[in-house]
Amino acid sequence: MLALFSGRDVQPRAEAAGPQPLSLHPKNRHYFLFRGRPAILVGSGVYGAVVHRDFDYVVYLNELRRLGLNQTRLFTGSYVARSSSGGEQYADSLVPRDRLLAPWARSDTPGYALGGTKFDLERWDSEYFTRLRHFVAEAGKRRIVVEVVFFSANYGDWNWTASPLHADNNVNSVGRVAANEAYRLDGDAGLLRAQERLVEKIVLELNDFDNVYYEPLNEPYHASCQDGVDFCAPPAKWEKRMIGVVDRTDRSLGRRHLIARNVGNVGFAIAAEHPTVSILNFHYAKPQAARANYRLGRAIAHDETGFRGPADHPYRTEGWEFLLAGGSVFSNLDWSFTAEAEAGTHPLPRDFRYGGGGAPLRNQLAFLKRFLESFDLVRLRPARSVIRHGIPPGATAHALGWRGREYAIYVSGGSGQARLELGLPAGRYKAQWVDPKTGRTTKRALVRHSGGIVTLVSPRYSDDVALAIRSVRG
């Protein structure tokens, strides 16, 4: 039988080691406090950096650091994919096949579905946890925050029967259930205990790190679906149980790492949320995800992109629109990173429909991050109402602002030139138009404004344009 750690295994500490973990900023809980500074999180990466033995994550992290990107997601090895949307020749980090490194030690019993011996869920694999801690440490050296995702929807029995938690793949007779029954409180008791043990163990191992936050379950709205059903009710009681394990273990160690929950796709208003959840994750998110939930006083994350083809434009505009609508995190799933191209150089075919990636897109996302960091993040609030008129037909606009001091505005689409009529307090302002594709300044102006409406005309643009407005004091 699998037993949870007892109170003797996880002892409270008088003083937590290391810097305080990433937290919501006390003066603006829509942004973060990380190592003493306000922060937004912007990343472009992949999920299998630890579980694929051949993935050179130092090369991967160096590429993120080169651009100043500061977020990546990490799956733990409880979910194993048998095949990749990228095709048989695509070296997907989440399709490790016989190169899988999982949290549990191998037994002497042959028969694991993807080759090698079965797993023993009563024993941990020290090599895995050494690699996990090293990955997080190397990310921390580069000021990169790691979202640790404990479990994922299995998307059917095809993947579930490759998981070490499936009964055919372990010697503990744990997990003899269908994929849509893997996350239940009233199902396989041994499976539930194994899941709780894994969460507790990883929280314990990563306790000293300040650059992690946790998500219990990736895409829970797919986790309990019958075959042929795309969306279904998430296993809310099971998620609540895992959130409790994270919180309880963290508290016993004198630390408080943030907890995220994947609430859905696209964007909708959430009525209420678990009190210990600080980050609300949306996949394929639209700006309304940030707007509709801003009132909750939590970080809102665009946690995964995809399914808009391989071009840069859809994902660049998603990032700008989401963050300038009040979002806190933009995490692009970057298909150019593979276990054979850890620097993100794998070329994507023109007809690839699952997502984008590559150096040009990463550069554009890095500029988005720098653009927002040039403002006083703690003071910014959604300020769409400052734009009174002049958005080109077919275009959309989003804005953040600190009234009378500084404004960030983004226009996407339209006829190629914007004549924005803005309601600004009286004062002197510097206006700077920039190209989100290149990061270059395309126009500057000094504005003396007596109050009311001021009109700022953009340079001609293709696709999108951004505007920074800052008051000139004295």
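The values are calculated or read from the model by the stated rules, or taken from the named source; none is laboratory data. Everything numeric in this text was worked out from a predicted model, so none of it was measured. Cβ sites come from the backbone with ideal geometry, for glycine too, and all protein chains shown count toward neighbours. For the accessible areas, the whole protein counts, side chains as well, though only heavy atoms, and no ligand, DNA or RNA atoms are used. Shrake-Rupley method; radii C 1.70, N 1.55, O 1.52, S 1.80 Å.
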Distant-in-sequence amide H partners of residue 104 (H built 1.01 Å from N, under 5 Å) = 125
Debye, to nearest 20: dipole size of the chain, +1 on Lys, Arg Cβ, -1 on Asp, Glu Cβ = 2840 debye
Give the angle, between 0 and 90 degrees and rounded to the nearest 10, that separates the Cα long axis of helix 189-205 from the longest principal axis of the Cα atoms of the chain.
-> 60 degrees
Put +1 on the Cβ of each Lys and Arg and -1 on the Cβ of each Asp and Glu in the chain; which of 144, 299, 324 then has its Cα farthest toward the positive end of the dipole?
-> 324
Sorting 114, 129, 169 by the position of each Cα along the dipole of the range 58-177 (Lys, Arg +1; Asp, Glu -1; all at Cβ), the one nearest the positive end of that ordering is 129
Could you tell me how many degrees, from 0 to 90 and to the nearest 10, lie between the Cα long axis of helix 359-373 and the main elongation axis, the longest principal axis, of the Cα atoms of the chain?
-> 60 degrees
Would you calculate the volume per residue, in Å³, of the smallest convex hull containing every Cα atom of the chain?
-> 143 Å³
Amide H of residue 76: which non-local residues (sequence gap of 5 or more, or other chain) have their own amide H closer than 5 Å, using H built in the peptide plane?
-> 149
For the range 246-302, what is the relative contact order in percent, using Cα pairs closer than 8 Å and at least 6 residues apart in sequence?
-> 32 percent
Cross-link pairs 118/237; 141/286; 201/240; 141/240; 201/237 - those with Cα-Cα distance over 27 Å = 118/237; 141/286; 141/240
Report, to the nearest whole %, how much of the accessible area of the chain belongs to carbon and sulfur atoms, 1.4 Å probe, protein only.
-> 49 percent
Karplus couplings for the range 221-230 from phi (6.51 cos²θ - 1.76 cosθ + 1.60, θ = phi - 60°), rounded to Hz, Gly and Pro as x?
-> 6, 10, 6, 10, 6, 6, 4, x, 10, 7
Total charge dipole magnitude, the range 116-192, about the Cα centre, Cβ charges on Lys, Arg, Asp, Glu only, Debye to nearest 20 | 480 debye
Proximal lysines to residue 430, defined as alpha-carbon separation beneath 20 angstrom and excluding residues fewer than eight positions away on the same chain = 443
Computed over the chain: relative contact order in percent, which uses C-alpha pairs under 8 Å that are six or more apart | 14 percent
Please calculate how many Å² of accessible area the chain carries per residue, with a 1.4 Å probe and no DNA, RNA or ligand atoms counted.
-> 39 Å²
Rounded to the nearest 500, what is the chain's calculated 222 nm mean residue ellipticity when only DSSP H runs of at least 4 contribute -39500 (n - 2.57) each, over all residues?
-> -6500 deg cm²/dmol
Positive end of the charge dipole of the chain (Lys, Arg +1 and Asp, Glu -1 on Cβ, about the Cα centre): tell me which of 179, 217, 277 has its Cα farthest that way.
-> 277
For the range 235-243, just list the computed ³J(HN,Hα) in residue order, Karplus coefficients 6.51, -1.76 and 1.60, θ = phi - 60°, integers in Hz, with x standing in for Gly and Pro.
-> x, 4, 5, 5, 4, 4, 4, 5, 4
Just by accessible area at a 1.4 angstrom probe, what is the order of 396, 72 from largest to smallest?
-> 396, 72
